[in-house]
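Step one of this worksheet: look at the structure below.
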Amino acid sequence: MALVKYVVFHPWRASTVLVVGAFVGLGSFYAYQVNAALGAVAVEEFDPDSARRAIEATPHPRVEASPSSVAHPFDGSAYDIEEELAAIAANVAEIPEEDSFNDAAFGEPLDDAIFDAYLLIGTDASGYLADAIILALQPGGGGAPIMVSLPRDLYVWNLCKETFTRLNTGLGGCSGVASGSELLAIMAEDYTGIPIDHLARVDFDGFARIVDVLGGITICVDNPMRDAKSHLLIESTGCQTRNGATALAWVRSRHPEELVGNGWVPVGGSDFGRQERQQDVLFQFAARAAGFSSPGSLTDKLSAVASSVRLDSSWTFGSAVGAAWRYRGISKGDVRRFSIDTNNYLTPSGAAVLLPTRPFQDQLSEHYDLG
C-alpha cells in the first residue's frame, strides 16, 4: 500500500527513478532485490557532507597533475596529450584572468529540498576513470525531471587538491578522508550548488552486457563510421540494431570519421556529441524495458549484470523497483535537458580542459524556476 501511495502522489519523482534505473542497467534494481543476500550489487558508503568536513579538517597540498600523467580517456593507461592539444589548438579560448572564470565554476548552495539529485557515473573497469557523468534532478515540488551531462573534462574546484582540476579526477578520491564517489559528488555540488542525494556507477563491461541482454540498441548513420580509438566500426548505413560492444564504442567515440566517397572524413567529434549519444542510449534502455511482461521477467534477464553495478548505501530499493517499472516507458519528451556552456582552455600546466562560461544555475533557471 505504501508503494502504491508513493507512485500515485509522486509520479514525476517515480519517473526520475526510472531514468536513474535505466542508466545503471535499469534491472539492476530488480536484480538487487533478488540477489541481495548474495551481495550481487556492490553497495558503497556515501556521505558527501561528512567527507567534506573531513577534507576541510585535513591539510592537503595544492597539486595539479602534469599532462604526461593524464589517464587515457578510454582504457585508463597513460597517453601523450600532444595529440589532444593539437586537435583543439585552433579553438582554444584566450587564457582568462582568475576572476573571469571563478564565478562560473561555483554554484550558490541551494536548499536540499529543492531537488532530489542523482549522480550517474559510467566508468572503466578499474572504477577510477569517469567517462560519463549525468546529473538527474527531480524537483521537490513536482514537475518534469531534469537531465544534464557534466563534461568529464569540466574544469572545476577540487576541494581535496585545493585547486581546479578536471571533474572526472574526483573519482580518484581524497586519500584517507573521502571515497572517489564522495569527492566527485562534492565537486559536482560545488559547481552546481545542488546537494547530491544518491549516486550509481556502472562500468564499461557492464554497460555492454546490459545492452546485450536488452536486445541491443538502434544506431542510425548516413555513412559508414569508424573511430580507431574507441574501436568503433559501422560499415552499413541507415538504422540498425547493434550489440553491446558496438554500443560501447558508439557512446565513447570522440574522434569519429565517416566514409564519404573513397575517403574517411572527420565528423567533428566532441564530448557533447558523446553526451547526446549516451543519453539517447539511456532512453533506449527505458524503451526496451517496456517490452518485458513483468518486473520479474526483467529481473531474471538482468540479474547477470548486477555485479557490474555500484550503488550508494542510502538508496531506497523498494521504492525504486516499483517506480522504475511503473514508468519504464519514459521518453526524451518527458525530461527537460540542456548542455553545459563551455570553452576549450589550456591550464598553466598545458592540460586541455573545458572551462564553464556561465554559472550552472543561470542555465538551469532557463528550464526550471529556482524562485
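The values are calculated or read from the model by the stated rules, or taken from the named source; none is laboratory data. This one's a predicted model, so the numbers in the text were calculated from it and none came from an experiment. Neighbour counts are summed over all protein chains in view; Cβ atoms, including those assigned to glycine, are modelled from backbone coordinates with ideal geometry. Only protein heavy atoms, including side chains, enter the accessible area calculation; ligands, DNA and RNA are left aside. Shrake-Rupley method; radii C 1.70, N 1.55, O 1.52, S 1.80 Å.
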Report, ordered by the first and then the second residue, all pairs with beta carbons closer than 6 Å, sequence separation of six or more or different chains, a first member in region 269-288 that is under 16 Å from Leu120 (Cα atoms), and a second member that is surrounded by fewer than 21 Cβ atoms within 10 Å (Cβ to Cβ) and of a type outside the set (Ser, Thr, Tyr). Phe283/Lys332
Note: among Trp264, Trp250, just one is of a type in the set (Phe, Trp, Tyr), at pLDDT 85 or above and open to solvent by 50 Å² or more (accessible area, probe 1.4 Å), namely Trp264
Look at region 204-235 and say how many of its residues are assigned to a strand (DSSP E or B), in contact with a Leu (Cβ under 7 Å, 6 or more places away or on another chain) and open to solvent by less than 40 Å² (accessible area, probe 1.4 Å). 1
Is region 139-151 home to any residue that is open to solvent by less than 10 Å² (accessible area, probe 1.4 Å), within 17 Å of Pro356 (Cα to Cα), touching an Asp or Glu at 6+ places or on another chain (Cβ under 6 Å) and in contact (Cβ under 8 Å) with a residue 60 or more places away in the chain? yes
Check Ala200, Ala136, Ala90 and return the single one that is among the hydrophobic types (A, V, I, L, M, F, W, C) and modelled with pLDDT of 90 or more. Ala136
Residue in region 304-325 that is open to solvent by less than 60 Å² (accessible area, probe 1.4 Å) and at pLDDT 90 or above present: no
For region 108-126, the count of residues that are surrounded by 14 or more Cβ atoms within 10 Å (Cβ to Cβ), modelled with pLDDT under 90 and in a loop (DSSP other than H, G, I, E, B) equals 1
Return yes or no: is Ala208 under 26 Å from Lys161 (Cα atoms) and of a type in the set (Gly, Ala, Ser)? no
Just one of Gly273, Gly215, Gly244, Gly263 is at positive phi and of a type outside the set (A, V, I, L, M, F, W, C); which is it? Gly215
